[in-house]
Amino acid sequence: MTSKPLSPELTKKLIDTAQTLVADDKGLLAMDESNSTCNKRFAALGIAQTEGARRDWRELIVTTPRLRACISGVILYDETIRQQSEDGTPLVEVIAAAKLVIGIKVDIGAKEFAGHPGEKITEGLDDLRDRLAEYARLGARFAKWRAAFSVTEDIPSRACIEANAHALARYAALCQEAGLVPIVEPEVLMDGVHTVERTSEITGDVLQAVFNQFHIQHVMLEGIILKPNMVLPGLSCPRQEALDVVADATVRCLAQVVPAAVPAIAFLSGGQSGELASARLNAMNLQFKSRLPWPLAFSFARAIQQPAMDIWGGKKANVIAAQQALFHRAACNRAARRGEYNAAMEAL
Ligand code: 13P
């Protein structure tokens with residue numbers, strides 16, 4: 001078996017970045033919605049679906065006072081990494097001044113998986129080497145790729161799991177070659193009636209396939225961050241579960257399949273409310289933190305952004321209140337990393 005190992009300098013750089021992203025009990029803020037997803041969220045609140053409004057929203061986020069006390073880095077969309085703030089400063093400069101590490105979504109979306117109705121394959125590999133080089137020049141130090149798995153009695157298929165795992169490994173290896181830490185996001189979706197047991201089985205299968213491909217394709221495990229779903233029942237499952245059941249199911253599932261060499265696990269929120277996402281992360285850390293090989297952190301989009309976006313509503317007059325709400329969710333999640341979050345924090 002021949003392979004060209006990463007240089008010691010590159011290896012060190014990747015490990016340092018990965019460690020920086022989860023140091024001091026901080027987490028990541030995902031603000032990398034594609035234009036169409038961002039527009040959908042804006043439309044639901046009557047906010048204009050324009051490039052300017054998307055810029056205003058992202059500028060509001062990254063200029064939130066003291067954000068760096070709780071957030072280590074932000075994940076951007078291609079539009080944002082090239083945009084300028086209202087006063088003409090490149091947003092990447094605003095973000096660097098806020099001392100937030102810059103990440104970038106590099107997949108181009110989950111597309112219909114040929115021959116597999118209801119399933120998706122994430123695309124974006126073809127010119128990825130060149131795009132990563134450009135993003136690195138623009139200031140990015142880490143990247144993100146999301147694979148999404150719908151759940152019914154029959155899916156996800158083995159083919160869908162293996163194809164997405166293969167693509168995640170190709171993406172991760174290219175990122176590491178370019179000096180960017182890959183955030184690896186295989187998401188088992190919440191839509192459906194599936195039980196927590198079924199989510200656990202699928203999440204385990206998916207992660208096993210991903211780490212198998214990482215082994216085959218020589219991805220350096222110390223230089224990635226895993227961004228999985230929590231192990232939850234489907235949204236329409238009649239049996240919803242208590243915090244400690246979710247915490248136990250999630251940690252048990254991860255412990256079976258995530259190698260100890262992985263520096264951190266940073267969960268996605270997946271459509272949970274901000275409060276539930278914090279409470280579940282807290283329950284995991286409270287019960288298991290001292291016994292796990294990897295820190296359990298967060299890389300939330302909706303569970304941090306949504307309450308603030310509801311308050312903002314596209315209006316300048318609401319910017320400060322929205323930033324306070326955003327900071328609050330970030331602070332709750334930092335507390336959850338320590339197992340120190342509680343419902344009383346929400347009353348403040
Ligand atoms: P949510 O936390 O809203 O699931 O988003 C995370 C993310 O980065 C989606 O790709």
**Request:** Specify the inter-centroid distance of the stretch 1-66 and the stretch 198-269, based on alpha-carbon positions, in whole Å.
**Result:** 21 Å
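What is the packing order of peptides 83-92, 232-241, taking the mean over residues of other C-beta atoms within 10 Å and listing the highest first?
On the way: 83-92: 14.2, 232-241: 16.2.
In decreasing order of mean packing, 83-92, 232-241 become 232-241, 83-92.
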**Spin-label proximity, ARG338 to the stretch 258-285 - amide N less than 18 Å from point 7 Å beyond Cα toward beta carbon** = 278-285
**Prompt:** If we count every other residue with Cβ under 12 angstrom of ILE161's Cβ, Lys/Arg +1 and Asp/Glu -1, where does the sum land?
**Reply:** -2
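Mind ranking 27-39, 282-294 by how tightly packed they are, going by the mean number of other C-beta atoms within 10 angstrom, highest first?
Numbers: 27-39: 21.1, 282-294: 17.2.
Going from most to least packed, we get 27-39, 282-294.
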**Asked** Do you know the relative contact order of the stretch 11-80, to the nearest whole percent, from alpha carbon pairs under 8 angstrom that are 6+ apart?
**Response** 53 percent
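Counting Lys and Arg as +1 and Asp and Glu as -1, what is the net charge of the other residues whose Cβ lies under 12 Å from the Cβ of THR152? The partial results should precede the final answer.
On the way: positive: ARG198; negative: GLU119, GLU153, ASP154, ASP191.
Neighbour charge sum, excluding THR152 itself: -3.
For the chain, what does the accessible surface come to per residue with a 1.4 Å probe? Please give it in Å². Numbers along the way, then the final one.
Numbers: 14670 Å² over 348 residues.
Here the residues of the chain average 42 Å² of exposed surface.
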**Message:** Quick check: pseudo-label points 7 Å beyond the Cα along Cα→Cβ at GLN240 and GLU9, how many nm apart are they?
**Reply:** 5.4 nm
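What's the FRET efficiency of ALA96 with ARG158 using the Cβ-Cβ distance as r and R₀ = 41 Å, to the nearest 0.05?
Numbers: r = 44 Å, r/R0 = 1.06.
Efficiency at R0 = 41 Å is approximately 0.40.
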**Message:** Between HIS116 and SER34, what is 0.36 nm times their sequence separation minus the Cα-Cα distance? Round to one decimal in nm.
**Reply:** 27.1 nm
**Complete:** Under the rule rounded for a/c under 1.5, else prolate if a/b exceeds b/c, else oblate, using alpha carbon gyration tensor axes a ≥ b ≥ c, the chain is classed as rounded
**Item:** Around LEU243: net Lys/Arg minus Asp/Glu count, Cβ-Cβ under 14 Å
**Value:** -3
**Item:** Sulfur and carbon atoms: percent of accessible area, the chain [1.4 Å]
**Value:** 53 percent
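The values are calculated or read from the model by the stated rules, or taken from the named source; none is laboratory data. Note that the structure is a prediction, hence the values are computed from the model and not measured. As a convention, Cβ positions derive from the backbone with ideal geometry for all residues, glycine included, and neighbour counts pool all protein chains shown. Accessible surface is based on the protein model in full, side chains and every heavy atom, while ligands, DNA and RNA are left aside. Shrake-Rupley method; radii C 1.70, N 1.55, O 1.52, S 1.80 Å.
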